Amino acid sequence: MNKTDKIISMYDKYVMNTYKRVPLVLEKAKGSIVWDAEGKRYLDFFPGWAVSGIGHCHPAVARAVSIQVKKLVHVSNNYYSELQGLLAKKIIENSFPGKVFFANSGAEANEAAIKIARKYGHDKGRYEIITMAKSFHGRTMAMITATGQDKVKKGFEPLLAGFVHVPFNDIGAINAAINERTIGVMLEPIQCEGGINIPGVDYMKGLRKLCDEKDLTLIFDEVQTGMGRSGKMFAGEVFGVKPDVMTLAKSLGGGLPIGACVAYGKFQDVLTPGTHASTFGGSPIVCAAALAVFDVIKKDKLLANTNKMSSYLKGKLEALKKKYHFIKEIRTIGLIIGIELSIKGEDIYRECIHKGLLINCTQDTVLRIMPPITVNKAEIDKAIAVLDKVLAKF
Ligand SMILES: Cc1ncc(COP(=O)(O)O)c(C=O)c1O
């Protein structure tokens, strides 16, 4: 039995079987490269489900964490710590005036967002949140209810009351769903899990206007799209639209677990002492890591790199589209890339992994590619060469 098989058999015996895993044991990583337990090297164009947004084991993150881990690891939230304050300040300075609540994951950040909307509407008997078909917001009970995909809800009913789903990118559907109980609208500015679905600017601006007119909380789930991946720091900026509440996680911590719920203007003080909490939320370690991520994005001009590499990669993919009739459409915003196929993508993505390129497939027919925003042309060329070779087999 090799090392990989040994580790997988340990999982089979001791780890709950909740994931459809690729039989790959990852052991170390650097930037866009990961190595498995047998020493094989892979180009990672879907690093940790978009968690390692500035690449794996970024030296600035490693440095910040290793300094902090020797100084103070955890501060409970009945005290103060400088790094939590500094990170909140950094997020606000990079978006709009407001305040931040720190959690440990995307689903938890979204829970806080829903609680803000519900508390805001509570005295008026308004609690209903409109979310989108094909959305994904996490796996807690409230978030599987919010998510617009039946597969995450099956077997867990009864679900939470107070969520309504409408088609994405359809302002009329939102208008029709609003009633006297409605308090908010929650959406990913670009649906990722749902197949890389990019809404129109008019829709997003219309949504802002509608929420203002009806006094609704507009919540952007930027768990996957935030932190530069769209070519802007936050994807709402792509459409020129400011949310009332924004949630972050994934790449915010440079690989460490962190979630943040950011509330703006009149929503920033809705949660009051005793109404929400997290034991681990905003610990000095994860805040040190996230501050390093912001520094790297700025110092290394990674927003500019994202936009440059986005055009380069898009050009290469459009060339592949001309070559392979089963590529229906390429959808890109920054380094959020969906390749819509007219055939199933599962075998293609597995073959890419076999050939040393880690990508993802979502909604059965969409290859999802999200390289680190530090990616360069040479890495893109290598990835395209693998993809071309694999596609030629189908
Ligand atoms: C848009 C979005 N929201 C929320 C989540 C849930 O995040 P977590 O798994 O950290 O709870 C995800 C995870 O994929 C996501 O993509």
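So that you can scan it fast, the table gives a plain yes or no per residue for (1) surrounded by fewer than 19 Cβ atoms within 10 Å (Cβ to Cβ); (2) within 14 Å of GLY228 (Cα to Cα); (3) at pLDDT below 95:
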position: GLY334; (1), (2), (3): no, yes, no
position: SER342; (1), (2), (3): yes, no, no
position: ILE348; (1), (2), (3): no, no, no
position: GLU351; (1), (2), (3): yes, no, no
position: ILE359; (1), (2), (3): no, no, no
position: ILE369; (1), (2), (3): no, no, no
position: THR374; (1), (2), (3): no, yes, no
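Looking at (1) free of Cβ contacts under 8 Å to residues at least 12 places away in the same chain; (2) within 14 Å of the ligand (Cβ to nearest atom), find the lone condition where ARG139 falls short.
Here ARG139 meets the rest and fails (1).
Which residue, of ILE183, ILE190, ILE174, is buried (at least 18 other Cβ atoms within 10 Å of the Cβ), within 19 Å of TRP49 (Cα to Cα) and of a type in the set (A, V, I, L, M, F, W, C)?
ILE190
If I ask for residues that are at pLDDT below 95 and not basic (Lys, Arg), which ones from the stretch 8-22 would you list?
Passing the criteria: only VAL22.
Within the set of pairs 6 or more residues apart or between chains, which connect a residue that is basic (Lys, Arg) inside the stretch 180-193 to a residue that is at pLDDT 95 or above with Cβ atoms less than 6 Å apart?
Partner pairs satisfying both residue conditions: ARG181/ARG126; ARG181/GLU128.
Given the conditions (1) under 22 Å from the mean Cα position of the chain (by Cα); (2) away from the ligand (no atom under 16 Å from the Cβ); (3) surrounded by fewer than 24 Cβ atoms within 10 Å (Cβ to Cβ), which single one is not true for ASP215?
The number of the failed condition is (1).
Which of the following residues is within 16 Å of the ligand (Cβ to nearest atom) and surrounded by fewer than 22 Cβ atoms within 10 Å (Cβ to Cβ): ASN110, ASN78, ASN104, ASN94?
Of the residues listed, the single one that is within 16 Å of the ligand (Cβ to nearest atom) and surrounded by fewer than 22 Cβ atoms within 10 Å (Cβ to Cβ) is ASN104.
Quickly run through the stretch 121-134 and pick out the residues that are of a type in the set (Ser, Thr, Tyr) and crowded, with 23+ Cβ neighbours inside 10 Å.
Of everything in the stretch 121-134, just one residue is of a type in the set (Ser, Thr, Tyr) and crowded, with 23+ Cβ neighbours inside 10 Å, namely THR131.
Only one of ILE190, ILE258, ILE198 is within 16 Å of the ligand (Cβ to nearest atom), among the hydrophobic types (A, V, I, L, M, F, W, C), farther than 25 Å from PHE294 by Cβ and not assigned by TED's automatic domain parsing to the domain that holds MET370; which?
It is ILE198.
Given the criteria free of Cβ contacts under 8 Å to residues at least 40 places away in the same chain and crowded, with 24+ Cβ neighbours inside 10 Å, does GLY254 qualify?
For GLY254, the condition - free of Cβ contacts under 8 Å to residues at least 40 places away in the same chain and crowded, with 24+ Cβ neighbours inside 10 Å - is not met.
Of the residues ALA173, ALA177, which is away from the ligand (no atom under 13 Å from the Cβ), small (Gly, Ala, Ser) and within 20 Å of LYS124 (Cα to Cα)?
Result of the check over ALA173, ALA177: ALA177.
Looking at the stretch 260-364, what strands (runs of 3 or more DSSP E) fall wholly within it and have at least 1 residues that are of a type in the set (Asp, Glu)?
327-333, 336-341
Which residue out of GLY138, GLY155 is within 24 Å of GLY121 (Cα to Cα) and not assigned by TED's automatic domain parsing to the domain that holds TYR19?
Going through GLY138, GLY155 in turn, the sole match is GLY138.
I need every pair where a residue in the stretch 276-289 that is modelled with pLDDT of 95 or more has its Cβ under 6 Å from the Cβ of a residue that is polar (S, T, N, Q), sequence separation at least 6 or different chains.
Note: pairs meeting the criteria are PHE280/ASN104; GLY282/GLN84; PRO284/GLN68; PRO284/SER81; ILE285/GLN68; CYS287/GLN84; ALA288/GLN68.
Name every residue in the stretch 27-56 that is at positive phi and of a type in the set (A, V, I, L, M), in order of residue number.
ALA50
The values are calculated or read from the model by the stated rules, or taken from the named source; none is laboratory data. Just so we're clear, the structure is a prediction, and the values are computed from it rather than from any experiment. Glycine gets a Cβ as well: all are built from the backbone with ideal geometry, and neighbour counts include every protein chain shown.
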